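J.: So that we are looking at the same thing, I have put the structure below in structure tokens.
Throughout, read-outs are computed from the coordinates displayed, never taken from laboratory work. What you see is a predicted model; the values in this text were computed from it and never measured. Neighbour counts are summed over all protein chains in view; Cβ atoms, including those assigned to glycine, are modelled from backbone coordinates with ideal geometry.
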Amino acid sequence: MFFVSAIPIHFNPNMFSIGNFVLSWHGFFSVVAMVVGVWMAGRAASRDNLDKDLVYNTAIWGIIGGVIGARLVHVIDYWSVYSLNPVSIFQMWSGGIGLWGGILGGWLGGSAYGFFSKQNVGKLMDIGAASLLVGQTIGRIGDIINGEHCAISTDAPWGWFFTHPNSPGRYCIEKSSNWSQGYFPEGTSYQTPVHPAIVYEMIWNMIGFIIITLLRGRVRPDGSIFMIYLFWYSIGRFFVQFLRLDSIKFGIFQEAHIIAFICFFITGIFIIFKTRLSFKTENNTLAKIGTRSERRRKSRNL
């Protein structure tokens, strides 16, 4: 294959280490993503005249559920590695999460809090939809720096390769039996350009953010915005996943394919049979102005 050009990424996956404590860029940007996401949810709550404390409490439980779910999925996927050192299961600051586990775990945690506190779960879900897309995009910046998520090769000019010896992006090419599922033959150069699959996903997320922002307040019932978010993300993740080299579970499909399809199917049914456009707004201008005859009567009485 002839490679026109490629973008080298030289970053060390780890920001710094103190003794056994290693903070990865992935871990750092995951924290930044959560902070920004909660901040955005708080602003959305103010716009919708919701109690900020309620939204923050929901976010806390959503984060707890998301962290547990994200780490659990990652550990299950790489159990052959973590079983050799079980203590490393809890060393999340070193990186290693499964995004689907984070999304679904966060949904369960936040929804459980809303349900048991007798709140409008659908409304709370909608509040968090846009912030989730932004948070996921920010978190993916750490994935880029870390060199995570091996991808297939490409001769596109925007292909990239990872040069740092600690980068998983380099390791997955040089050690194909462990990372690339045999896609890269032994001896393949680590400078082989691969698809920036994570960037494709980030772009898809930002398009989804724009769509959700435009639909905010224009669809019903409550929960529809969250369903549209999950529907949109599932489509993008399903197709981007074909460019990634994760573990194959069912034929040509990877684990993320299966989860994406299930989420796509469930949310698609909800959107088709439940979601409707609504042109009612809290500040209905027509209602304030009144009909033409009403305006005439008011003008006579002035």
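J.: For the chain, return all DSSP H helices satisfying: extent of Cα atoms along own axis at least 15 Å; mean Kyte-Doolittle hydropathy at least 0.5. Display every interim value, and only then the final one.
T.: On the way: long enough: 25-47 (33 Å, 0.90); 52-77 (37 Å, 0.92); 99-116 (25 Å, 0.92); 121-146 (36 Å, 0.84); 197-215 (27 Å, 1.94); 224-240 (24 Å, 1.45); 255-273 (28 Å, 2.31).
Correct list, ordered by number: 25-47, 52-77, 99-116, 121-146, 197-215, 224-240, 255-273.
J.: Right, next: Once you compute Rg and the Kirkwood Rh from C-alpha atoms, what is the Rg to Rh ratio for the range 107-203?
T.: Rounded to two decimals, Rg/Rh equals 1.20.
J.: Find the cysteines in the chain that fail to meet the 4.7 Å Cβ criterion with every other cysteine, and list them.
T.: Within the chain, the cysteines lacking a partner Cβ under 4.7 Å are CYS263.
J.: With +1 on the Cβ of every Lys and Arg and -1 on the Cβ of every Asp and Glu, and nothing else charged, how large is the dipole of the chain about its Cα centre, in debye rounded to the nearest 20?
T.: Numbers: 25 positive and 16 negative charges, 455 e Å.
Here the size comes out at about 2180 debye.
J.: Running a GNM on the chain with Cα contacts under 10 Å, which residue among ALA260, ALA156, ALA41 ends up with the highest mean-square fluctuation?
T.: Its mean-square fluctuation being the largest, the pick is ALA156.
J.: Oh, and also: If packing is taken as the average count of other Cβ atoms within 10 Å, what order do 81-90, 216-225, 10-19 fall into, highest mean first?
T.: Highest-to-lowest ranking by the protection proxy: 216-225, 10-19, 81-90.
J.: Suppose every K and R has +1 on its Cβ and every D and E has -1 on its Cβ; what is the size of the dipole of the range 1-134 about the Cα centre, in Debye to the nearest 20?
T.: Dipole size: approximately 120 debye.
J.: Give me TRP79, TRP107 ranked fewest to most by other Cβ atoms within 10 Å of their Cβ, as a rough exposure proxy. Don't skip to the end; give the middle numbers.
T.: Working: TRP79 11, TRP107 20.
Ascending Cβ contact count within 10 Å gives the list TRP79, TRP107.
J.: Springs between alpha-carbon pairs under 10 angstrom, Gaussian network model over the chain: which of SER167, SER30, SER189 fluctuates most?
T.: Largest GNM mean-square fluctuation: SER189.
J.: When Lys and Arg each count +1 and Asp and Glu each count -1, what net charge do the other residues less than 12 Å away from GLN254, Cβ to Cβ, add up to?
T.: Taking every other residue near GLN254 into account, the sum is 0.
J.: Let me ask something else about it. Past 18 Å, Cα to Cα: identify those pairs from LYS52/LYS274; LYS118/LYS274; LYS123/LYS274, in the order given.
T.: With Cα atoms farther than 18 Å apart: LYS52/LYS274; LYS118/LYS274.
J.: Which far-off residues, 5 or more places away or on another chain, put their amide H under 5 Å from the one on MET15, with H placed in the peptide plane?
T.: LEU23, SER24, TRP25
J.: I would also like to ask the following. Once you keep just the Cα pairs under 8 angstrom separated by 6 or more residues, what percentage relative contact order results for the range 7-300?
T.: 19
J.: Using only the alpha carbons of the range 7-300, what is the convex hull's orientation-averaged projected area in square nanometres?
T.: It is 20.2 nm².
J.: Two decimals is fine: what is log10 I(q)/I(0) at q = 0.13, 0.18 Å⁻¹ for the range 42-166, from a Debye sum with one equal scatterer on every Cα and no solvent?
T.: -0.66, -1.00
J.: Further question on the same structure: Specify which residue in the list LEU108, GLY268, ILE173 is farthest towards the positive end of the charge dipole of the chain, using unit charges on the beta carbon of Lys, Arg (+1) and Asp, Glu (-1), about the Cα centre.
T.: GLY268
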